[in-house]
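Scroll down for the structure; my scribbles are underneath it.
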Amino acid sequence: MSEPTELLEPPTPAAGGADRAFAAGDRDPFAPSDDFPRRHLGSNAEELAAMLAAVGCASLDELADETVPRAIRQQGALELPPVDGMPPGRPPGEREAVARLAAMANENRLFRSYLGLGYHGTVTPPVVLRNVLENPGWYTQYTPYQAEISQGRLEALLNFQTMIGDLTALPVANASLLDEATAAAEAMSLCLALAKGEAADGAFFVADHCHPQTIAVVETRAAAIGVPVVVGDAASADLAGCFGVLFQYPTTDGRVLDLEPWIERAHQAGALAVVAADPLALTLLRPPGEMGADVAIGSAQRFGVPMGYGGPHAAYMATREEYQRKIPGRLIGVSRDAQGGRALRMALQTREQHIRREKATSNICTAQVLLAIMAGMYAVYHGPRGLERIARRVHALAATLAEGLRRLGFELADEPFFDTLRVGLAGTGSGAGADEAIAAAHGRRINLRRLDEATVGVALDETVGSAEIVELLDLFAGLAPQPNAERALAALAAAAEVGLPAPHARTSGYLAHPVFNSYHTEHEMLRYLRRLESRDLSLAHSMIPLGSCTMKLNATSEMVALSSPGWMDLHPFAPVKQAAGYRELFDSLEAWLNEITGFAATSLMPNAGSQGELTGLMVIRAYHRDRGDDHRDVCLIPVSAHGTNPASAVMAGLKVVTIACADNGDVDLADLAAKAGQHAGRLAALMVTYPSTHGVFEHGIRDICEVVHAHGGLVYLDGANLNAQVGLCRPGDYGADVCHLNLHKTFCIPHGGGGPGMGPISVAPHLVPYLPTHPLVATGGEKGIGPVAAAPWGSASILTISWAYIAMMGGAGLTEASKLAILNANYMARRLSEHYRVLYSGKGGRVAHEFILDLRPFKASAGVEAEDVAKRLMDFGFHAPTMSWPVAGTLMIEPTESESKAELDRLIDALAAIRAEIRDIEEGRMDRADNPLKNAPHTAERVSADDWPHPYTRQQAAYPAPWVKGRKFWPAVGRVDNPYGDRNLVCSCPPLEEYAGGALG
Ligand SMILES: Cc1ncc(COP(=O)(O)O)c(C=O)c1O
């Protein structure tokens, strides 16, 4: 057995040190003392010099010159338009950037919005705000692929699933989708995938009482795959030949309908029934599952997640058990660990990870985990009685308002309502139509919804109190034929018809599980949140070196704007005049991203990388169609592509043709030329990732783009790896036509445990006319495709994070970051090459910003697999790198620029120690089956057990390097049994008795 290697001695600084372009404060006495780049970039000049020496380069520039092909190097420096009030070329310091964002937030005018449309005011419980949304222990987590160090968020997501399952009365719910409108489109795809025989060629029917943005997103998505959509009156429409039907519950204008007979009619026609339901209303209303619905979707925004001018929020989907293996997105399931204890994991994980490539029915990857956790915690904190109280209160306020409005002489809809009123102005004799009412409301800083020229909508929410009802009644009295009618609240409340009559009232219980009935005081809630957080490894503990995921610093100064009402409390469909601060944010971010990518325009609508891919491909199709090239429907995709690429292509209605990779990992140019030629007449696009998913700046990228263009196709560049390119090369310059940007990678939006993210697309001039539009807010190109997200600027509020990052780094800082990301990867690759084979590199042996370690030989030599190494890293306190992608049996490491050399050295040290343990097995000093790798991770319970039957010490198990002692992170459970969890799929909270002694609770 070998000793783990010690950390390297501190490096000797190179003579003179390196010139750090970002150390502005050293030279300019007027620069702020809190300049940000030195906080973001992990190494100081001495460390930099040591790493450069280790890779054999004199400077960062020399390394960049050797790594990035000369033919594509950016000419000149990044010219980012300056931040307002800053001298050109001098980025704001942290305080200045925060102040600038606060000033922009003040430009947003916070009217009280009664617009509804799926977005509502809500009260985020402060204990959840501070301890989840504002807490890096939660928001810097990664997607819970490594279950043993993710039990906290897995439990939180299981709570979310249980909550949705209970409220909808459909047993299988996923762990979030991106927004309600895209969830509706996902439901359409689910129905299509389940459709049999002729039905599969039928139409999707959408009731015209659905939210307009939902209808428009469904139409956009259906058009891409050639599915006809019929929008109409569900009461009278002929549903024959439809494979699915979508209803809204309550309707967009607030009416509560008994959907049971309608669902019955859909079933008789052979269609599946989808219900878009408001979860707060479901605490009082008969749930979709009890009315016969097959699928329920919706938004959990009003469960404590601020509106944020459109997002991010968690959407949900729930369905019947028989469809559980078809549900898109992630599903958290219950399994067991190596010791037989209960352990949670992402169920059917392999399927999710590969998204079934060209057989995909969904491309959802990053979803809305952090927001699903918040919504679930809102239900945990309030419990079923608390939620019902909130719902009854808002309903009673709506009933009181309705009573007052009737007395004032307004006409209300005949149907029962929950919290949203349809107010008819016609016939009231005052002559006021919807426009006059809305104008009068604006005078009182109130937004009403225009339903038609003589009807307005008023949607109440949890934040409304008696003062708001009085204000609304005063407003309407000014327009009323009987302005002097009784308006005293007590009298109106006493006379109001409160309650929902049969068959609408809910009779079944929900949220009976102890988790929703135990943490209703702040102390209990605080401790529950902390208990879960402590089970999860995040960037607050150590680096998370996930290749392709760019887990870089999510700085506090980038996050603070998210706590500001000026950014968070704006309704996405408030008149744009009220959102001047957001307009400025979008304008500067778009201008910066255009400059960074070398493209002409950017759409901020797609709310994840996958959605950016789909949008970009739909834009490409629209371009071809507009030129009469309707038949161009082939998409070339290298075999090494991320699973979302082929999935997005299929969802854009394209046929995937796979391109081989050469032995060195590069796109096989001969195969590309052959396939492009073979499909020349039908070639729509190539999707390519750059630098490649193998972590290499391929020298042939220009040739690749030229081959595709020569055959009439366009190039879609997957921008997931932009972190190696900013300031060094630009997709728009080397031949791409469109790329998406994962703002949750390169531009610092935290991963949140698997979302939120943002995936805007930047496009060349010829694609600008086709950028996505929105039915409620003017945006996009003049020949634009329809909307691809519910809100016009996607998850608008988190754009403040990327804005702050780019603003504070400035062009020079961003360029330095790319160079340092490349140096860190090359440094680690060089040092680790002493212990492992590094797969793939470019000319001169340089890797890009990430690299792959080959673990495949150890299977034969020691019986060790990539998974064993990944789990053993947990004993050192590390999250594993990306496992078995893009090459099975490997680990892909991406250190990013914001890790210090000391942290890189710790990971190198851990991996070297693990290599030594593998050698012990290879050389017979350690048992092949009973060794620290196979038994990893080691829990505290196991290491402290009276019984220790293993041929290595407890010390080696738990403290495999000297520095682990000072920072031990204990995995909450032993190795999780994946096949068991999939065979016995349980996706909601298990009963209380199963908690005893288990990992939960
Ligand atoms: C190369 C690549 N492309 C696309 C995606 C999909 O992006 P998102 O998860 O934001 O949908 C990822 C995500 O990890 C990726 O690594």
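How large is the dipole of the chain about the Cα centre if only Lys and Arg carry +1 and Asp and Glu carry -1, each at its Cβ, rounded to the nearest 20 debye? Could you put the intermediate results ahead of the total?
Values: 85 positive and 114 negative charges, 136 e Å.
That gives a dipole near 660 debye.
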The set of residues whose placed amide H lies less than 5 Å from the amide H of A579, leaving out same-chain residues fewer than 5 positions away, is R109
Just report the Cα centroid separation between region 817-844 and region 25-92, whole Å. 20
Two-decimal Rg/Rh across the chain, once Rg and the Kirkwood Rh are taken from alpha-carbon atoms: 0.97
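Give, as a single signed number, the net charge of other residues whose beta carbon lies under 11 Å from the beta carbon of L408, with Lys and Arg counted +1 and Asp and Glu -1.
Net local charge, L408 excluded: -1.
Loop-only check: which GluC sites (Glu not before Pro) in region 797-876 are DSSP coil with at most 11 other Cβ within 10 angstrom?
Passing sites in region 797-876 are E834.
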Once you list every other residue whose beta carbon is under 14 Å from the beta carbon of N131, what net charge do they have if Lys and Arg are +1 and Asp and Glu are -1? 0
Show the residues, 5+ positions off or on another chain, whose built amide H is closer than 5 Å to the amide H of L425. T455, V456
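Using helices alone, I'd like the mean residue ellipticity at 222 nm for the chain: each DSSP H run of four-plus residues gives -39500 (n - 2.57), total over residue count, nearest 500.
On the way: 30 runs with 346 residues, N = 1001.
Calculated from helices alone, the mean residue ellipticity at 222 nm is -10500 deg cm²/dmol.
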Rounded to whole Å, √(5λ) for the Cα gyration tensor eigenvalues of region 393-433, largest first, gives 20, 10, 7
Divide the volume of the convex hull of the Cα atoms of region 682-826 by its number of residues and quote the answer in cubic angstrom per residue. 140
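Work out, in µm²/s and without decimals, the Stokes-Einstein translational diffusion coefficient of region 875-962 at 37 °C, 0.692 mPa s, Rh from Kirkwood over C-alpha pairs.
Details: Rh = 14.6 Å.
Once the numbers are plugged in, D ends up at 224 µm²/s.
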For region 853-1001, using Cα atoms only, the Rg and Dmax in Å read 16.7, 48
Taking only Cα atoms of region 546-633, what ratio of Rg to Rh do you get with Rh as the Kirkwood inverse-distance radius? 1.06
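Averaged per residue, what accessible surface does the chain expose to a 1.4 Å probe, in Å²? Write down the numbers at each step before the final one.
Details: 32410 Å² over 1001 residues.
Roughly 32 Å² per residue, with all protein chains present.
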Rolling a 1.4 angstrom probe over the protein chains, ignoring ligands and nucleic acids, what is the accessible area of H642 in square angstrom, nearest 10? 50
Between region 355-395 and region 640-705, what is the C-alpha centre distance in whole Å? 36
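For region 167-312, state the average projected area of the convex hull of the C-alpha atoms over all orientations, rounded to one decimal in nm².
Values: hull surface 33.4 nm².
About 8.3 nm², averaged over all directions.
Taking a 25 Å limit on the Cα-Cα distance, which of the listed pairs K655/K843; K871/K901; K359/K675; K359/K843; K745/K819; K196/K359 fall beyond it? Can you show the working numbers first?
On the way: K655/K843 34 Å; K871/K901 23 Å; K359/K675 20 Å; K359/K843 36 Å; K745/K819 16 Å; K196/K359 17 Å.
The answer is K655/K843; K359/K843.
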For region 887-1001, the percent of accessible surface on carbon and sulfur atoms (probe 1.4 angstrom, ligands and nucleic acids excluded) is 50
5 Å binning of all Cα-Cα separations within region 353-453, expressed as whole percents from 0 upward: 2, 10, 12, 14, 12, 9, 10, 11, 9, 6, 3, 1, 0
Would you work out the Kirkwood radius for region 292-407? I mean one over the mean of 1/r across all pairs of different Cα atoms, in Å. 17.4
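Using a simple charge model, +1 on the beta-carbon of Lys and Arg, -1 on the beta-carbon of Asp and Glu, nothing else, what dipole does region 750-875 show about its Cα centre, in debye to the nearest 20? Spell out each step's value before the answer.
Values: 11 positive and 9 negative charges, 72 e Å.
Roughly 340 debye for region 750-875.
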What is the distance in Å between the Cα centres of region 765-797 and region 155-220? 22
Where only C-alpha atoms are counted, convex hull volume of region 740-854 per residue in Å³: 168
Does anyone have the angle between helix 45-55 and the longest principal axis of the chain? Alpha-carbon axes, 0 to 90°, nearest 10? 60
Can you run the Rg to Rh ratio on region 439-591? Use alpha carbon positions and the Kirkwood inverse-distance Rh. 1.08
Under 16 Å from a point 7 Å along the Cα-to-Cβ line of S466: which residues of region 485-506 have their amide N that close? 487-496
So how tilted is helix 701-710 from the main axis of the chain? Cα-based, degrees 0 to 90, rounded to 10. 50
Volume per residue (Å³) of the convex hull spanned by the alpha carbons of region 797-855 is 108
Hand me the trypsin sites (Lys or Arg not before Pro) from region 603-694 located in a DSSP loop with no more than 14 other Cβ atoms within 10 Å, in residue order please. R627
Alpha-carbon spread of region 726-776, three principal axes, descending order, Å: 39, 37, 13
Compute the signed sum of charges (Lys and Arg +1, Asp and Glu -1) over the other residues within less than 11 Å, Cβ to Cβ, of Q248. -3
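The values are calculated or read from the model by the stated rules, or taken from the named source; none is laboratory data. What you are looking at is a predicted structure, and each value in this text was computed from that prediction instead of being measured. Positions of Cβ are generated from backbone atoms using ideal geometry, with glycine treated the same way; all protein chains shown enter the neighbour counts. For the accessible areas, the whole protein counts, side chains as well, though only heavy atoms, and no ligand, DNA or RNA atoms are used. Shrake-Rupley method; radii C 1.70, N 1.55, O 1.52, S 1.80 Å.
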